[in-house]
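J.: Next up is a structure, given as structure tokens.
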Amino acid sequence: MTNRLRHIPSVEKVLQALGPAELPRPLVTALTRRELGRLRDLEAIPPFEEVVESVRQAARVFARGRIQPVINATGIVIHTNLGRSPLPTPALKVMQEVGAHYSNLEFDLESGERGTRASYLEHCLALLCESPAAAVVNNCAAALVLALHHFTRRRREVVISRGELVQIGGGFRVPEILEASGAVLREVGTTNRTTLRDYEEALGENTGLILKVHRSNFFMGGFVESPRREELGALARGRGIPFLEDLGSGAVARTERLGLPHEPTPAEVLRSGAGLVCFSGDKLFGGPQAGILAGGSDLIEGLKKDPFYRAVRCDKLILSALQTVAEMYLTTPEGIPPLPVLEMLRASPAELRGRAERLALALQGLAAKVRTVETKGQPGGGTLPEAELDSIALEVVPEMIRLEELSERMRRNAPPVIGCIQGGAYRLDLRTVFPEEDELVREALAGALA
Ligand SMILES: *Cc1c(COP(=O)(O)O)cnc(C)c1O
């Protein structure tokens, strides 16, 4: 051992100097070992106090990686990086009750024998989608893989328009998911135009499925054509080929009622010709992460009998939350159920302005210019890409620190506050901040600017 390395303190000594940590002890020990290991590559070993401080800092950074609530002030309602839909209180209550006890998950209370998982929920979802049957899996990607795998077991080809071979989100590309599920991709048409004829010519004895993917995180304008769903549906039925439409966000509530462009509902898509639809549980639907499939009984039954279904089925907590959300829709048939995502989408600029102005007033006298500005929010989550939500933000221009520093201090707050830097200012869009979080935002700003 060289002289230099002898100055590296022992793990025990550093742990002792750190004192009580907020992380489990084995994590702190492992972090300490890692940090001490790094010292070996340095020219000179820093003083002991500095070493302890760097371990403490590493532990803080590491602890921030724990999943925890944050305040979303980005104005993006369905924010995939921030956990998509916040759940409504009744759903959380059911998760708590079902999670803490035994449940009739797969037990028939009538007969006292083994029952079927989620049959009540499937009935509710089928009603909401106005379809004969429905099924639930872990997420919409799983619903797609299950359907592709199942319908292309014997006839390998899945026919899809080139205009729909898109990337939906981080690491989710339609062509890759198709190939991963073992299907053979049969692309038709061009990026901007696909005709019924293109589909007709591609269908053959190897076609297992026709897939349509709803354009989500982008939209195409100009010289664009694709066949109407009615035509494609009739073609599929005529040839006896299943036709699945991936709706992605799947709005069950009528989005016009929220002041947004029309988003096709599962019922409407099934009515106009698709045999099967799939959509996410935690986008516009406003529930927990899930993939909902709805359509004809034979198709749904086939999917549920596929051995692969067992690998993508949901657990009891998700099923209980989804059951509650489905019931909330059913009990407000014409209206908008009180789901956080829908309420945030619906919040009016006037309402948001009142809150922003109260906050701006309460923040007078700090080392910053604070004012309310008009801004644009987004539904997010690959939903309604052309929609912009008129929103109100609190705009902060700090006098003593840089914008990046302010943004970082807000992220370091407990709870962390996520805003954005835009047009030379730090912005907090109040649309996605729960009204009861306003006071926490005020405290965070006051602390960050002090
Ligand atoms: C978001 C999305 C998916 C993926 O849904 P997950 O529930 O996240 O798996 C699939 N298809 C479309 C069109 C989407 O918008």
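What follows is calculated from the coordinates using simple rules that are stated; it is not laboratory data. This structure is a prediction, so every number in the text was calculated from the model and none was measured. Don't worry about glycine lacking a Cβ; one is built from the backbone with ideal geometry, like all the others, and counts go over all protein chains shown.
J.: Sort out for me the Cα centre separation of the range 349-392 from the range 253-327, rounded to whole Å.
T.: So the separation of the two Cα centres works out to 32 Å.
J.: Based on the alpha-carbon set only, what is the convex hull volume of the range 321-450 divided per residue, in Å³?
T.: It is 128 Å³ per residue.
J.: What's the extension gain from E357 to E113 if we count 0.36 nm per residue and subtract their Cα-Cα distance?
T.: 81.9 nm
J.: While we're here: Whole Å is fine, so just give me how far the alpha carbon centre of the range 1-58 lies from that of the range 407-450.
T.: Answer, in whole Å: 34.
J.: Related question: Please figure out what share of the DSSP beta bridges in the chain is antiparallel and state it in percent, rounded to the nearest 5.
T.: Within the chain, antiparallel bridges account for around 60 percent of the total.
J.: List residues of the range 415-450, by number, whose backbone nitrogen lies under 19 Å from a label position 7 Å along Cα→C-beta of M400.
T.: Within reach of a label on M400, which here means backbone N under 19 Å from a point 7 Å along Cα→Cβ, the range 415-450 contributes 426, 442-450.
J.: What's the Cα-based Rg to Rh of the range 1-156, Rh via Kirkwood?
T.: Ratio value, two decimals: 1.21.
J.: Okay, moving on. Calculate, for R66 and E176, the FRET efficiency according to 1/(1 + (r/R0)^6) with r their C-beta to C-beta distance and R0 30 Å; round to the nearest 0.05. Intermediate values should be presented prior to the final figure.
T.: Numbers: r = 31 Å, r/R0 = 1.03.
Efficiency, rounded to the nearest 0.05: 0.45.
J.: Then there's this: If you put +1 on each Lys and Arg Cβ and -1 on each Asp and Glu Cβ, how big is the dipole of the range 249-346 around its Cα centre, in Debye rounded to 20?
T.: 180 debye
J.: Projected onto the charge dipole of the chain (+1 at Lys/Arg Cβ, -1 at Asp/Glu Cβ, origin at the Cα centre), which of G259, L440, V52 gives the Cα projection farthest towards the positive end?
T.: Value: V52.
J.: Here's a follow-up. When the helix-only estimate is applied to the chain (DSSP H runs of n ≥ 4, each -39,500 (n - 2.57), divided by the residue count), what is the mean residue ellipticity at 222 nm, nearest 500 deg cm²/dmol?
T.: On the way: 17 runs with 176 residues, N = 450.
Using -39500 (n - 2.57) per qualifying helix, the result is -11500 deg cm²/dmol.
J.: So if we plug the beta-carbon distance of V11 and E49 into 1/(1 + (r/R0)^6) with R0 = 25 Å, what FRET efficiency do we get, rounded to 0.05?
T.: It comes to 0.95.
J.: Need the full-extension length gain, R4 to Q167, defined as separation in residues times 0.36 nm minus the C-alpha distance. One decimal, nm. Walk me through the numbers on the way to the answer.
T.: Working: separation 163, 0.36 × 163 = 58.68 nm, distance 5.21 nm.
Roughly 53.5 nm would be gained on extension.
J.: Hey, what does the equivalent ellipsoid look like for the range 163-211, semi-axes from the Cα gyration tensor as sqrt of 5 times each eigenvalue, largest first, whole Å?
T.: Its equivalent ellipsoid spans semi-axes of 21, 15, 6 Å.
J.: Answer with one residue from A21, A414, L144: the one whose Cα lies farthest towards the positive end of the charge dipole of the chain, charges on Cβ with Lys, Arg +1 and Asp, Glu -1.
T.: Farthest along the dipole direction, towards plus: A21.
J.: Pick out, from L82, P338, A234, the residue whose Cα sits farthest towards the positive end of the charge dipole of the chain, with +1 on the Cβ of Lys and Arg and -1 on the Cβ of Asp and Glu.
T.: L82
J.: Restricting the count to DSSP beta bridges whose residues both fall in the range 179-327, what percent are antiparallel, rounded to a multiple of 5?
T.: Within the range 179-327, antiparallel bridges account for around 35 percent of the total.
J.: Is there a quick way to get the dipole size of the range 302-407? I mean about its Cα centre, with the Cβ of Lys and Arg at +1 and of Asp and Glu at -1; what is the value in debye to the nearest 20? All intermediate terms of the calculation are to be shown ahead of the outcome.
T.: Numbers: 13 positive and 15 negative charges, 93 e Å.
Rounded to the nearest 20 debye, it is 440 debye.
J.: Now, a different point. When the Debye formula is applied to the Cα atoms of the range 215-320, each taken as the same point scatterer, what base-10 log of I(q)/I(0) results at q = 0.13, 0.15 Å⁻¹?
T.: -0.58, -0.76
J.: Suppose R0 equals 22 Å; then what is the FRET efficiency for E439 and S348 from their Cβ-Cβ distance, rounded to the nearest 0.05? Walk me through the numbers on the way to the answer.
T.: On the way: r = 21 Å, r/R0 = 0.97.
According to the calculation, E is roughly 0.55.
J.: Could you give the length gained by full extension between L42 and T29, i.e. 0.36 nm per residue of separation minus their alpha carbon distance, to one decimal place? All intermediate terms of the calculation are to be shown ahead of the outcome.
T.: Values: separation 13, 0.36 × 13 = 4.68 nm, distance 2.09 nm.
Contour length minus the Cα-Cα distance gives 2.6 nm.
J.: Let me ask another. Would you mind getting the Kirkwood hydrodynamic radius of the chain from its Cα pairs, rounded to one decimal in Å?
T.: After inverting the mean inverse Cα-Cα distance, the result is 25.1 Å.
J.: Separate question: Treat each spin label as a single point 7 Å out from the Cα along the C-beta direction, and report the T190 to N206 distance in nm.
T.: Each label point lies 7 Å from its Cα, and together they span 2.5 nm.
J.: Follow-up. Charges at C-beta only: +1 for Lys and Arg, -1 for Asp and Glu. How large is the resulting dipole of the chain about its Cα centre, in Debye rounded to 20? Each step should come with its number before you reach the end.
T.: Working: 54 positive and 57 negative charges, 238 e Å.
Roughly 1140 debye, rounded to the nearest 20.
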